[in-house]
């Protein structure tokens, strides 16, 4: 049906062109619609990768604005109590301060809420990486029993009862709120959450004074063969976005990637998180088991929990105190101004 | 996906109209009459689904006792059939629907949302048909589609509640019931959600014998005995212990979903009225 819908739009446009006298009114509408569609220019830092924008969801100023409004609107949850921002706090690089987040009526999710800064650059979503687009990802919290516990069609019906929302959706999409338009608007907003203004970025762009000597020592350690952190936390986004086992003993209730593949060799594998804004996003790991970055460093220093499937790069490091300090200092250099809600 | 066909038809018409409009540009709005399309030469088949307990038809939510002496109340039974084809006498096939969804729950008149039922109908060219065949579940090539791109009434839309959001795939069969397995109360939940490409199954070709002239209406019934799902020879499910699976998570979950699926598909029968 998707394909035929495209053809339908095309033929309608052809019709508009052909039968100009009869359809002047409609054509006018089309023109106004297009005028409203001012493209949104993403401010992608020069050292960042390109962002893939799905063809069916071009960014426009009005769409991004609508997506932002929706992201912060608790009326998307079944009882009107929880918005996306309840678990993705702007001041915490759009992550949560709780080990595992809380949804409607105090329901507890099974995982820690990840940061959404720079999320538009990720190729896969969720901790087992099964979701391929930001658009599809919206369904998960919206309908998740422990998150917003709503049904997307009912959520759209509720939005359409609000005359302001109805007008905004009409303006942006030329139609009301639907599962399609709702997910497109929110995803469009999420793609604008771009940082790239951390001291680390200035350093990468050539300002050698942007990192303190201790931070530079930390960066060197991070990328060293001995620690090999950057073999998983690689590139400017500090993630390979692969599914890896970093030596955490998995909890029985969350086998990670194995949940999807049913392959024992995937038990305990999770998406490698970006370490941008890491100083803001405590607690850490998929279940928020570590309250501090000190605890994370201890985990890697001891060589992980020594469990099956643990990656061979996770091995005892015998870090000196000053090396731990240096790593912590480096983490501080990864904080983006926009990650603090500035 | 009746709707899909309707859309294609509308799109087809629009295309024709657009072409006519373009080729006779000056005639727009005041052109001569256009020949209406000829009514197509088609017949209609209704396929309805019955869940049975032995010889009696099961009513939604009404308690019944199965052959093991367990009592159950059916709370949900929804499943997809796909690539539904009718086989012609010469062995060629006619695809009548890409995806249909059966929902055992009676229509709730208080809701004005799209709802699915135990019955689907489709049109097909008139002719002689000797068999029917379908897949149970959603084939891999459409299992990764985006449900938000389908109209609400489409069985593949998010509204059918068959989509597995975290895994971005469709569930194939959802069966939920509450049971009394000997405790004297309905305190035992049955909750079976199947999915994953590995559990897509294709049915055998069920023999039928239909000679359909243009405008004819025929009815077929798809039936399944509750006891065949659980107590199949050599693949029985110990309902007391094996009653919950989401297919993924653990190997045991998958094994149960897999046995359930095989029994379910093997138990399906086609009856011609």
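A few notes on this one:
- Per-residue average of Cβ from other chains inside 10 Å of B:160-173: 4
- Estimated FRET transfer efficiency (residue B:95, residue A:175; beta-carbon r; R0 30 Å; 0.05): 0.45
- In degrees, nearest ten, helix B:2-23 long axis to first principal axis of chain B (Cα): 20 degrees
- Fraction of beta bridges assigned by DSSP in the range B:42-272 that are antiparallel (%, nearest 5): 85 percent
- A P(r) calculated from all alpha carbon pairs of the protein assembly as shown, with 20 Å bins opening at zero, reads 16, 43, 31, 9, 0 percent.
- Projecting the alpha carbon convex hull of the range A:173-232 along each direction and taking the average yields 6.7 nm².
- Note on the range B:212-273: semi-axes of the ellipsoid equivalent to its C-alpha gyration tensor, largest first and rounded to whole Å, are 33, 13, 8.
- With Cα atoms as the point set, the range A:199-340 shows a radius of gyration and Dmax of 15.4, 49 Å.
- An oblate overall shape is assigned to the range A:34-113, the ratio a/c of its alpha-carbon gyration tensor axes (a ≥ b ≥ c) being 1.5 or greater and a/b not exceeding b/c.
- Centre separation in Å (Cα based) which lies between the range B:38-70 and the range B:109-185: 15 Å
- At R0 = 30 Å, FRET efficiency that the Cβ-Cβ distance of residue A:311 and residue B:241 yields, to 0.05: 0.25
- Principal-axis tilt of helix B:251-267 within chain B, Cα atoms, nearest 10 degrees: 60 degrees
- The listed peptides B:245-255, B:72-82, ordered by packing as a protection proxy, come out as B:72-82, B:245-255 (highest mean of other Cβ atoms within 10 Å first).
- Over chain A: helical MRE at 222 nm, DSSP H runs n ≥ 4 each giving -39500 (n - 2.57), nearest 500: -11000 deg cm²/dmol
- The convex hull of the Cα atoms of the range B:162-273, projected and averaged over all directions, covers 10.1 nm².
- Cα-based Rg / Dmax (Å) for the range A:61-190: 13.9, 41
- For residues of B:148-155, the mean tally of beta carbons on other chains within 10 Å: 5
- For chain B, modelled as a GNM whose springs connect Cα atoms under 10 angstrom apart, the maximal fluctuation among B:55, B:214, B:203 occurs at B:55.
- Kirkwood hydrodynamic radius of the range B:56-186, Cα pairs, Å: 17.0 Å
- Gyration tensor analysis over the Cα atoms of the range B:42-272 returns equivalent ellipsoid semi-axes of 29, 21, 18 Å (largest first, whole Å).
- Among B:260, B:122, B:134, the largest mean-square fluctuation in a Gaussian network model of chain B, built with springs joining Cα atoms closer than 10 Å, belongs to B:122.
- Scaling against 2.2 N^0.38 Å puts the C-alpha radius of gyration of the range A:289-336 at 1.24.
- D by Stokes-Einstein for chain A, Kirkwood Rh over Cα pairs, 25 °C, 0.890 mPa s: 112 µm²/s.
- Computed helical MRE - 222 nm, chain B, DSSP H runs ≥ 4 contributing -39500 (n - 2.57), nearest 500: -5500 deg cm²/dmol
Only the coordinates and a few stated rules stand behind these numbers; no lab work does. Worth saying up front: this structure is predicted, and the values here are computed from it rather than measured. Because the Cβ atoms are built from the backbone with ideal geometry, glycine has one as well, and the counts that use them run over all protein chains shown.
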